[in-house]
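Novice: The structure follows.
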Amino acid sequence: MTATLTPDILSALEAQAIELPSWAFGNSGTRFKVFGTPGTPRDPYEKIADAAQVHEHTALAPTVALHIPWDKVASYDDLRAHAEGLGVALGTVNSNTFQDDDYKFGALTHEDDRIRRKAIDHHLECIDIMDATGSRDLKIWLAEGSNYPGQNDLRARQDRLQDSLQQIYARIGENQRLVLEYKFFEPAFYHTDVPDWGTSYVQVAALGERAMVCLDTGHHAPGTNIEFIVMQLLRLGKLGSFDFNSRFYADDDLIVGAADPFQLFRILDQVIRGGGLNNPDVAFMLDQCHNLEAKIPGQIRSVLNVQEMTARALLIDREALAAAQSANDVLGANAIYMDAFQTDVRPALAEWRESRGLPADPMAAFAASGYLERIEADRVGGVQAGWGA
Ligand code: LRH
Ligand code: MN
Ligand code: MN
């Protein structure tokens, strides 16, 4: 079945905005090997230039998230002007308390007040940067936990975490937000201090209205019903942002929709059902690392996959579905749902793109643009940025 997209669907799609992570443009790999790629950015300015290519070819990615200290620069006003000159804006600021020797046994949960103070101060510095970049969200992901039962006092760590978050939240501006990301394991393997949405919710609910939960799709145990969590957080008004990526096994950070497009469809269905699609309270971000594939087309593929699954989810005949659900028509309801998922929206999206002056096939247009060849030739010398620099 191929689709015709109604004006309502097209205007919802037109408002869709997906934030790109600056770190997706640097080199990344596994703990076994990080492979270098010719043309990889050497600094945050070049990462933003690459991100702007994704927006130029898709009109889907108007903002770029920064990671501090990876994206530290001398002047954030200058970085902001550089981004704006390329047609994009600076978005979420991600803090980093996972690459400093002091944080071996924790940061915001650390027993030692000096180390905890240092971690809190890092977040205050991130908020200063947000003031300069015009960013709304401070995203916190903590690599904290323990490896062995008995190693730590789990409860005392929750208390210290709340105290640290309160100190950070006190500095969050009127128009800013604190977003707390959870992850069930890694780098710690026995316990993680913010392992699940419940813990993140409890921690942010105690802070106040401008504190929200970030859901990274790769941060759950296999088999978790992620769309249920999306529904619940939207219902509670606490879904602040998504980190989209896909996974087969752990925190794989692969192209969105690559592993399980049906799961992406189900998540986007709940986003629409919960009023979150173009609700400014929910930030749609990618959190991906391209270990093998070229980075810019990797990001283009991801934003297109999100757009495609959004279009399919918007095709669900919600009236018919509600009627089938209230009649307990199990097979009928499921058939209505699956009909939307099985609809090919690609020709309709290509036509719509062209009507807006965008390339019908952004992947092909980017490949033909010569940009990759240009950066490979231009960016020689200097040190390539990587996951961590
Ligand atoms: C942690 C995480 C988090 C970090 C990013 C680099 O696994 O998903 O969002 O900020 O990786
Ligand atoms: Mn993430
Ligand atoms: Mn992750």
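The values are calculated or read from the model by the stated rules, or taken from the named source; none is laboratory data. These numbers come from a predicted model, not from an experiment. Positions of Cβ are generated from backbone atoms using ideal geometry, with glycine treated the same way; all protein chains shown enter the neighbour counts.
Novice: List the number of the failed condition for Tyr169; all other conditions in (1) out of contact with any Gly (no Cβ under 7 Å at 6 or more places or on another chain); (2) closer than 25 Å to Ile120 by Cβ; (3) more than 16 Å from ligand 2 (Cβ to nearest atom); (4) not acidic (Asp, Glu) hold.
Specialist: (1)
Novice: Considering only the stretch 194-223, state which residues are of a type in the set (Asp, Glu) and either in contact (Cβ under 8 Å) with a residue 60 or more places away in the chain or within 16 Å of ligand 3 (Cβ to nearest atom) (or both).
Specialist: Asp196, Asp216 - these are the residues of the stretch 194-223 that are of a type in the set (Asp, Glu) and either in contact (Cβ under 8 Å) with a residue 60 or more places away in the chain or within 16 Å of ligand 3 (Cβ to nearest atom) (or both).
Novice: Is it true that some residue in the stretch 378-386 is in a loop (DSSP other than H, G, I, E, B), over 25 Å from the mean Cα position of the chain (by Cα), among the basic types (Lys, Arg) and over 20 Å from Glu56 (Cα atoms)?
Specialist: yes
Novice: Can you name every residue in the stretch 188-203 that is within 16 Å of ligand 1 (Cβ to nearest atom) and under 19 Å from the mean Cα position of the chain (by Cα)?
Specialist: Of everything in the stretch 188-203, those that are within 16 Å of ligand 1 (Cβ to nearest atom) and under 19 Å from the mean Cα position of the chain (by Cα) turn out to be Val194, Pro195, Asp196, Trp197, Ser200.
Novice: Residues of the stretch 102-135 being in a loop (DSSP other than H, G, I, E, B) and surrounded by fewer than 20 Cβ atoms within 10 Å (Cβ to Cβ), which ones?
Specialist: Across the stretch 102-135, the qualifying residues are Lys104, Phe105, Glu111, Asp112, Gly134.
Novice: Kindly indicate whether any position in the stretch 244-253 is among the basic types (Lys, Arg) and not in a helix (DSSP H, G or I).
Specialist: yes
Novice: With respect to Tyr190, is the statement that it is within 16 Å of ligand 3 (Cβ to nearest atom) and in contact with a Phe, Trp or Tyr (Cβ under 8 Å, 6 or more places away or on another chain) true?
Specialist: Considered against the rule, which asks whether it is within 16 Å of ligand 3 (Cβ to nearest atom) and in contact with a Phe, Trp or Tyr (Cβ under 8 Å, 6 or more places away or on another chain), Tyr190 comes out as no.
Novice: Hey, any hits in the stretch 238-249 for a residue that's more than 17 Å from Phe341 (Cβ to Cβ), more than 15 Å from ligand 2 (Cβ to nearest atom) and touching a residue at least 60 places away in the same chain (Cβ under 8 Å)?
Specialist: No.
Novice: Checking Phe185 against (1) in contact with a Gly (Cβ under 9 Å, 6 or more places away or on another chain); (2) away from ligand 1 (no atom under 16 Å from the Cβ), which test does it fail?
Specialist: Condition (2) is where Phe185 drops out.
Novice: Right, next: Give me the pairs, please: first residue somewhere in the stretch 281-293 and within 14 Å of ligand 1 (Cβ to nearest atom), second residue anywhere and at pLDDT below 95 and among the β-branched types (Val, Ile, Thr), beta-carbon distance under 7 Å, and either six or more positions apart or on two chains.
Specialist: That search, which allows pairs on different chains as well, returns Asn291/Thr30.
Novice: So, one more: So Thr343 clears everything in (1) closer than 30 Å to Ala211 by Cα; (2) modelled with pLDDT of 95 or more except one condition, right? Which one?
Specialist: With (1) closer than 30 Å to Ala211 by Cα; (2) modelled with pLDDT of 95 or more applied to Thr343, the lone miss is (1).
Novice: Hey, can you tell me all the residues within the stretch 205-228 that are crowded, with 18+ Cβ neighbours inside 10 Å, outside any strand (DSSP E or B) and within 16 Å of ligand 1 (Cβ to nearest atom)?
Specialist: If the condition is that a residue be crowded, with 18+ Cβ neighbours inside 10 Å, outside any strand (DSSP E or B) and within 16 Å of ligand 1 (Cβ to nearest atom), then Thr217, Gly218, His219, His220, Ile226 are the ones that fit.
Novice: Considering only the stretch 16-30, how many residues are in a loop (DSSP other than H, G, I, E, B), farther than 15 Å from Val88 by Cα and of a type in the set (Gly, Ala, Ser)?
Specialist: Residues meeting the conditions: 2.
Novice: Return yes or no: is Ile172 of a type in the set (Val, Ile, Thr), within 16 Å of ligand 1 (Cβ to nearest atom) and surrounded by 14 or more Cβ atoms within 10 Å (Cβ to Cβ)?
Specialist: no
Novice: Let me ask something else about it. State whether one or more residues within the stretch 144-158 are away from ligand 3 (no atom under 16 Å from the Cβ), touching a residue at least 40 places away in the same chain (Cβ under 8 Å) and closer than 30 Å to Pro280 by Cβ.
Specialist: Among the residues of the stretch 144-158, not one is away from ligand 3 (no atom under 16 Å from the Cβ), touching a residue at least 40 places away in the same chain (Cβ under 8 Å) and closer than 30 Å to Pro280 by Cβ, which makes the answer no.
Novice: I would also like to ask the following. Kindly evaluate Arg318 against the criterion of being buried (at least 20 other Cβ atoms within 10 Å of the Cβ), away from ligand 3 (no atom under 16 Å from the Cβ) and over 11 Å from Phe244 (Cβ atoms).
Specialist: Judged against the criteria, Arg318 is not a match.
Novice: If you don't mind, another one. Looking at (1) at pLDDT 95 or above; (2) at positive phi; (3) not aromatic (Phe, Trp, Tyr), find the lone condition where Gly382 falls short.
Specialist: Of the numbered conditions (1) at pLDDT 95 or above; (2) at positive phi; (3) not aromatic (Phe, Trp, Tyr), the odd one out for Gly382 is (1).
Novice: Are there any pairs with C-beta distances below 7 angstrom linking a residue in the stretch 344-368 that is within 17 Å of Gln299 (Cβ to Cβ) to a residue that is among the charged types (D, E, K, R) and assigned to a helix (DSSP H, G or I), with the two at least 6 apart or on different chains, and if so which?
Specialist: So the pair list comes out as Pro359/Arg353; Met363/Arg301.
Novice: What is the number of the single condition among (1) buried (at least 17 other Cβ atoms within 10 Å of the Cβ); (2) of a type in the set (Gly, Ala, Ser); (3) over 15 Å from Pro297 (Cα atoms) that Ala15 does not meet?
Specialist: (1)
Novice: If you go through the stretch 219-232 one residue at a time, how many are within 14 Å of ligand 2 (Cβ to nearest atom) and either of a type in the set (Phe, Trp, Tyr) or in contact with a Phe, Trp or Tyr (Cβ under 9 Å, 6 or more places away or on another chain) (or both)?
Specialist: Residues that pass the stated criteria total 2.
So that you can scan it fast, the table gives a plain yes or no per residue for (1) surrounded by 23 or more Cβ atoms within 10 Å (Cβ to Cβ); (2) more than 13 Å from Leu60 (Cα to Cα):
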{"residue": "Ala258", "(1), (2)": "no, yes"}
{"residue": "Phe262", "(1), (2)": "no, yes"}
{"residue": "Asn279", "(1), (2)": "no, yes"}
{"residue": "Asp287", "(1), (2)": "yes, yes"}
{"residue": "Leu292", "(1), (2)": "no, yes"}
{"residue": "Lys295", "(1), (2)": "yes, yes"}
{"residue": "Ser302", "(1), (2)": "yes, no"}
